[in-house]
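This report concerns only the one structure given below.
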Amino acid sequence: MTDAMAHRGPDASGTWSCPQGVLGHRRLSIIDLSSAADQPFHSTDGALTIVFNGEVYNYRDLRRRLQALGHAFRTDSDTEVLLAAYREWGADCLHELEGMFAFALHDARDGAFLLARDRMGVKPLYLYRGDGHLVFASELRALLASGLVPRRTDPDALVDHLRYQTVHAPRTLVHGVTMLEAGHAMRVTATDERTWRWYDPVQRMDPGVGRLPLAAVHAGIRERMARAVEKRMVADVPFGAFLSGGIDSSVVVGLMARASTTPVHTFSVVFDEERFSEERYARLVAERSRTEHTPVRLRPADMLHLLPDALAAMDHPSADGPNTYVVSKVTREAGITMVLSGLGGDEVFAGYPVFARSMALWRRRWAAALPRAVRGALGDAVAAVRPSIATAKLAELLRAPSFAVADTYPVSRLSFRDRDLAPLLRRAPLPANAVHGITRAMLPREVAARLPVLSQVSLAELATYLQNVLLRDTDQMSMAHALEVRVPFLDHHLVEYALAVGDALKYPRTPKQLLTEAMGDLLPHEVVHRPKMGFTLPWEVWMRGELRELCARALARLDAHPQFVPGAVPALWERFLRHDPRVNWSRLWSLVVLGDWMERHGMTDGPAA
């Protein structure tokens with residue numbers, strides 16, 4: 001299992017066993033590079049043993065507190081601090097930790113294991129229960145390598161992937177394998193197992209923030225953002241930042257430059273295709289912050305060369321993963337071991353179109369009083385006159401039970417609607433929509449009533465798209481190159497503060513206006529007022545050209561899957577090749593990646609459900 005994820009930790013390897021189980025670890029050394037900090041790590045009396053993935057950013061403050069309480073330390077590592085925190089406070093130590101982490105800790109005093117995951121789900125933790133044992137790891141491939149996990153596709157998770165281009169925790173594409181959810185912990189003994197949620201951002205919000213004047217809110221954001229960046233700059237290895245030229249990464253780089261006494265290393269991917277390239281904006285920010293900047297020019301031939309490795313690095317299939325793979329590869333080759341990223345800024349500060357769309361629907365919630373059949377017929381009429389992905393989604397939104405965020409958000413993020421899937425799949429009815437379940441559980445009427453609308457969308461984004469697409473992609477593709485990525489925008493102090501800010505201040509005229517105004521003169525004017533461009537590759541051009549053969553082969557693998565109607569996937573591919581406006585590249589690429597992943601991991605497909 002540790003060999004299967006050696007790429008995550010090339011610096012050291014270790015295993016340890018006890019009567020209750022076995023722990024293994026692959027180390028990427030970031031803090032305290034000495035072998036004394038290798039894992040599995042033991043307390044001095046041998047009673048506690050831990051394997052730990054991630055970083056505790058406030059470990060120095062915790063170390064001082066614990067020393068005052070009588071704890072002695074033999075290393076400078078955050079791992080030893082975490083172990084001492086557990087000895088002092090038990091499982092309540094989780095509330096003291098600021099960072100990204102997944103860990104398993106064995107306590108010989110009662111034979112129990114404590115497994116835990118950080119608040120925002122930055123670091124993954126996969127689980128499998130079967131034949132009287134529990135297997136866990138940071139990657140699916142490690143579980144598969146154990147020989148204890150059957151390589152079978154979960155049929156309901158497959159539908160979830162088709163709907164949203166990902167599988168939402170706790171499910172995974174592998175039947176029987178789950179994820180410990182963000183902000184959750186688990187205690188396991190030979191006879192008992194208990195899982196609980198130890199962190200809920202809604203419970204941590206200060207309602208008083210919503211009553212503050214704009215100037216005070218700006219000051220609060222500046223202070224928390226600066227602290228979040230500074231905390232994540234603690235490392236004993238060379239580090240830098242991803243710089244796309246967008247607002248979020250530019251904020252992070254600007255704050256890093258202010259906090260650093262030496263030039264910050266920055267990296268960005270640029271393209272010859274001008275409409276996809278953000279080179280100009282990244283260069284402006286790099287010059288303003290006086291960074292040591294490395295633009296990585298990517299051409300179709302380069303991507304064609306790198307794509308097989310990127311697909312092979314995918315622990316769980318993802319349509320967006322290769323973007324991060326490329327920039328991580330170049331960054332690591334430049335001698336950088338850790339980077340900061342602007343990931344999370346859109347989710348926390350209402351940057352995506354889904355925020356404006358959700359607000360517009362909420363303001364027109366009176367229209368939900370019309371019968372759903374009438375609303376649906378109106379939407380179908382618009383889609384018939386102007387067939388496109390956008391009008392098809394509009395028709396689906398008009399069919400929502402209400403225009404509350406819990407009902408409209410799951411539609412906004414759909415890739416394939418159920419009516420699109422009906423001709424593709426050999427099963428009916430389809431399983432319940434996972435995102436509907438998540439948003440309705442997260443935003444019951446009494447909770448939604450006290451939250452700003454945009455904050456409701458942020459919570460939905462954090463729990464679905466961010467955790468199950470962006471963070472998973474970032475982890476698997478950066479760690480494929482033993483590169484650690486830290487995300488200041490997901491500092492829980494900042495997230496809790498931003499969630500409490502009212503809609504009128506968060507989005508008065510333009511997306512992320514609250515963030516850009518709070519940052520003052522940190523950002524160049526051209527970056528603040530530039531048109532938004534996604535950090536994406538020109539897949540549509542490539543899929544009809546250089547990648548056409550790869551796509552056809554992967555889609556043929558899906559066509560052979562018993563859950564798909566024979567011939568339906570190739571027919572969709574032909575429509576895409578004919579430029580059918582109702583079949584966009586992202587839908588097809590997600591199917592390509594899915595088929596390739598199934599083939600690479602030897603998934604055996606059971607009968608159609």
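Things to note:
- Rounded to the nearest whole Hz, the Karplus-based 3J(HN,Hα) values (6.51 cos²θ - 1.76 cosθ + 1.60, θ = phi - 60°) of the stretch 107-118 follow the sequence 10, 5, 5, 10, x, 8, 10, 10, 10, 8, 10, 5, with x at glycine and proline.
- Taken as entire DSSP H runs, the helices of the chain never both span 30 Å or more between Cα atoms along their own long axis and average 1.6 or more on the Kyte-Doolittle scale.
- Rounded to the nearest 20 debye, the dipole size of the stretch 317-383 about its Cα centre is 420 debye, using +1 on the Cβ of Lys and Arg and -1 on the Cβ of Asp and Glu.
- Virtual spin-label span in nm between Ala219 and Ala504, 7 Å along Cα→Cβ: 2.1 nm
- Overall form of the stretch 317-379: prolate. Here a/c, set by the Cα gyration tensor axes a ≥ b ≥ c, is 1.5 or more, and a/b is the larger of a/b and b/c.
- Simple spin-label estimate for Val237 and Asp3 in nanometres, 7 Å along Cα-Cβ: 2.3 nm
- The Trp198 and Arg129 beta-carbon pair, evaluated with R₀ = 25 Å, returns a calculated FRET efficiency of approximately 0.75.
- Integer Hz, Karplus 6.51/-1.76/1.60 couplings in order for the stretch 512-522, x for Gly and Pro: 6, 4, 4, 5, 5, 6, 5, 7, x, 8, 5
- Placed amide H near Leu425: partners under 5 Å, 5+ positions off or other chain: Val565
- Farthest towards the positive end of the charge dipole of the chain, among the residues Phe242, Gly254, Ala381, is the Cα of Ala381, using unit charges on the Cβ of Lys, Arg, Asp and Glu.
- When the Cα positions of Gly437, Ser29, Leu462 are compared along the charge dipole of the chain, Gly437 comes out farthest toward the positive end, with charges on each C-beta of Lys, Arg, Asp and Glu.
- Arg152 long-range amide H proximity, modeled H, under 5 Å: His175, Thr604
- Placing unit charges on the Cβ atoms only, positive for Lys and Arg and negative for Asp and Glu, gives the chain a dipole magnitude near 1880 debye about its Cα centre.
- The stretch 365-438-the stretch 143-214 distance, computed between alpha-carbon centres (Å): 26 Å
- Other residues lying with their Cβ under 13 Å from the Cβ of Gly147 contribute a combined charge of 0, Lys and Arg counting +1, Asp and Glu -1.
- Cα gyration tensor shape of the stretch 98-166, rounded if a/c is under 1.5, else prolate or oblate by comparing a/b with b/c: oblate
- Estimated distance in nm for a label pair at Arg280 and Ala301, the labels positioned 7 Å out from Cα along Cα-to-Cβ: 2.7 nm
- For trypsin sites (Lys or Arg not before Pro), the sites in the stretch 279-326 that DSSP calls loop and that have at most 14 other Cβ atoms within 10 Å are Arg290.
- Carbon + sulfur, % of accessible area of the stretch 393-440 - ligands and nucleic acids excluded, 1.4 Å: 57 percent
- Lysine-lysine proximity count for the chain, Cα under 29 Å, sequence distance 8 or more or distinct chains: 15
- Karplus-derived 3J(HN,Hα) values for the stretch 167-175, using 6.51 cos²θ - 1.76 cosθ + 1.60 with θ = phi - 60°, are 10, 8, 4, x, 6, 9, 6, 8, 4 Hz; glycine and proline are entered as x.
- Cα-based shape type of the chain, given that a ≥ b ≥ c are square roots of the gyration tensor eigenvalues and the cut on a/c is 1.5: rounded
- Amide hydrogen neighbours beyond the local backbone of Val269, cut-off 5 Å, H modeled: Val296
- Hypothetical label at Leu148: residues of the stretch 165-187 whose amide nitrogen lies under 15 Å (7 Å Cα-Cβ projection): 176-178
The values are calculated or read from the model by the stated rules, or taken from the named source; none is laboratory data. Being a predicted model, the structure only gives us computed values, none of them experimental. Here Cβ is always computed from backbone atoms with ideal geometry, including for glycine, and neighbour counts include all displayed protein chains. Surface accessibility is based on the protein's heavy atoms, side chains included, excluding ligands, DNA and RNA. Shrake-Rupley method; radii C 1.70, N 1.55, O 1.52, S 1.80 Å.
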